[in-house]
Structures are given as structure tokens and as C-alpha cells.
Amino acid sequence: MSPAYFIAGTDTDVGKTTVAAGLLHAAHQAGLSTLGAKPVASGCSASTKGLRNDDALALIAQSSIKLPYEQVNPFAFEPAIAPHLAAREAGVTLSVQALLTPMRQILAQGAEFTLIEGAGGWRVPLSDQASLSDLAIALKLPVILVVGVRLGCINHALLSAEAIARDGLQLAGWVANIVDPRTSRLEENLASLAERLPAPCLGRVPKLKQVSAEAVGAHLQLDLLD
């Protein structure tokens, strides 16, 4: 198992942070030191200490190594829109280099299990020239893919896996997050994903009545990570 992973989703709102928090919780329960980071986040809320993002706060809550918020989430934007658009409206220039330095500082903390969470899907733009996937490439991190299980998920998952491989990164594992339990032929869809994705399934997360990192972590198997 690698000490650090980039966690990506097949789309927006597929439960990427929910799964990331569950993975961090499971790692901590296994006796590992943990650290999660969210390099760029939109959809933040104003507070007396500045803009705060719920996803970043969820990662902090499950990190045994505690760092200042700004170190975990160096770029925070208020509108709940694509990061490159939010940055443009705020007059901020996002680049891989701007994210690379703080994320290398995260990795330098030496946690035994570190997750760096992306935003949306694999090809979310950072700027006119760069995508958030370029950060994962620069960091050379293996990828954990969160598949939002609903109609169309097979196509989204396979295209994401192909893009990750084409970018020269390892797909270390994937998680089936069942966002729509009414998905027709659910078991057949899950079987198709397992047959076609070139990495182990780390677990199936059902639609939970009460979502918590502990509840999600109970459905995950870290020992399956490549």
C-alpha cells in the first residue's frame, strides 16, 4: 500500500469526500497516521476565520495530523461552480505550480496514509491550459476512483480509468458508492464494473440513512489497495 493517493470521482456529487473520510477513518482504525487535503475547493462558506469548505473540514476531522485550515485547503472560493470559473471571478490564477508547493508540504508531513482530494471528475479545469489531473500527474500519485453508482456510471468509470492510465498513473483501487439504490440491474452493473476496471474494488458503500466516516469506513477494505 502506498502512503499517499489522489482521490478522484467519476463526476461531481458522487460522494468523493464521503468515501475519502471513510478511507481516512479506516486507516486510523488500522493504526495508521492520517492526513487529508483539498487543494482547491469552490462552494465555500464565509466564517470569522475566512472561507471554509465542508469537504475540507470533513478531511480535517479524520486527519490524525492536524494542520492549519489554509494548509489543507490553500485555495477556497465561495461560488459553488467549477474551480477555474470561481478563481477567475475572484481574480486568482490557478496553476499546477501554485497547488504543487502546498501539496508537497502535505506529503512532507510523512503521514502513513495521505489522501489528496480532487474536485469533480478527472478532467476538471484549473485554468485555460491546465486540469486538476495535472496536479496528480506532477505528484505521481496512484489514484483511488470513487464511482457514483447510478445510470451511466459504467461509461463514466471506464472513461475515467482510461484517462488515468493514459496520463501514466496507476489506478490503485475504486469504490462503488451507491448514490442511487434504485438503479436498474444494480448487481449486474456492479459486476460489469468489477470485470472491466483494472484495479480492485475497495468496497461498496450503500445508501446510508446516517452518513458518517465511521459508517462508510466499515464498508471499505484498505488491504486491497495495490
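The values are calculated or read from the model by the stated rules, or taken from the named source; none is laboratory data. Computed from a prediction, not measured in an experiment: that's the story for all the values here. Counting neighbours? That spans all protein chains shown, and the Cβs are built from the backbone with ideal geometry, glycine included. Calculation scope for accessible area: heavy atoms of the full protein, side chains included, ligands and nucleic acids excluded. Shrake-Rupley method; radii C 1.70, N 1.55, O 1.52, S 1.80 Å.
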**OP:** State to the nearest 20 debye the size of the charge dipole of segment 68-167 about its Cα centre, where the only charges are +1 on K and R beta carbons and -1 on D and E beta carbons.
**Re:** 200
Original post:
Can you work out ³J(HN,Hα) from phi for every residue in segment 149-163, in order, using Karplus 6.51 cos²θ - 1.76 cosθ + 1.60 and θ = phi - 60°, giving whole Hz and x for Gly and Pro?
Top reply: 6, 6, 4, x, 5, 5, 4, 4, 5, 5, 5, 5, 4, 5, 5
**OP:** Can you give me the three principal axis dimensions of segment 1-75 from its C-alpha atoms, in Å, biggest first?
**Re:** 36, 29, 16
Original post:
Dipole magnitude of the chain about its Cα centre, charges +1 at Lys/Arg Cβ and -1 at Asp/Glu Cβ only, in debye to the nearest 20?
Top reply: 200
Original post:
Length gain on complete extension for the stretch Q129 to V92, per 0.36 nm per residue less the alpha carbon to alpha carbon distance?
Top reply: 11.9 nm
Subject >> DSSP-defined beta bridges in the chain - what % are antiparallel, rounded to 5 >> reply: 15
Subject >> Most positive-pole-ward Cα, A130, L224, Q109, against dipole of segment 84-226 from beta carbon charges >> reply: A130
Subject >> Kirkwood-based Rg to Rh ratio, segment 47-164, C-alpha trace >> reply: 0.95
Original post:
Farthest toward the dipole's positive end in segment 18-80, which of L57, T34, L23, given Cβ charges of +1 (Lys, Arg) and -1 (Asp, Glu) about the Cα centre?
Top reply: T34
**OP:** Using a 1.4 Å probe over the heavy atoms of the protein chains, calculate the carbon and sulfur portion of the accessible area of the chain as a whole percent.
**Re:** 51
Original post:
What is the spread of the Cα atoms of the chain along each of their three principal axes, largest first, in whole Å?
Top reply: 47, 39, 34
Original post:
In deg cm²/dmol, rounded to 500, what helix-only [θ] at 222 nm does the chain give when every DSSP H run of at least 4 residues adds -39500 (n - 2.57) and the total is split over its residues?
Top reply: -10500 deg cm²/dmol
